[in-house]
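Have a look at the structure below, then the notes.
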């Protein structure tokens, strides 16, 4: 029985070969606190560099948005003034020219402090009305 086992083992030993390998790992000896400080400083420098770039990018975007807002408002004011000039200060007519409503034109006139009276043609006899007309009192009449 022993001989049979030995033969079987010998047969399998010839067929099965296990590869072996040796690996040598070389690690420098570093003080852990210094290595951690160096790694943290490197990471902080990267974060600072990224933060500065982000701040510059965000500032550029904010300036561009503010500039575009100013330009857009200037175009709105110019369009309203041109329509009022064409309509000779008539807000209803200016609203039709701009394909808008009189209410929206009135809102923009107040918002952007546009005085439609300055577009009225004074040579035709249209005089600006006073804002507050004094009320006539019945007892103040001279008899």
Looking for something under 36 Å from the mean Cα position of the chain (by Cα) and at pLDDT 75 or above - is there at least one such residue anywhere in region 116-126? yes
Among the candidates 66, 83, single out the residue that is assigned to a helix (DSSP H, G or I), touching a helix residue (DSSP H, G or I) at 6+ places or on another chain (Cβ under 7 Å) and modelled with pLDDT of 90 or more. 83
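The values are calculated or read from the model by the stated rules, or taken from the named source; none is laboratory data. As the structure is a computational prediction, the values presented were derived from the model and not from experiment. Cβ coordinates were reconstructed from backbone atoms using ideal geometry, including for glycine residues, and neighbour counts include every protein chain displayed.
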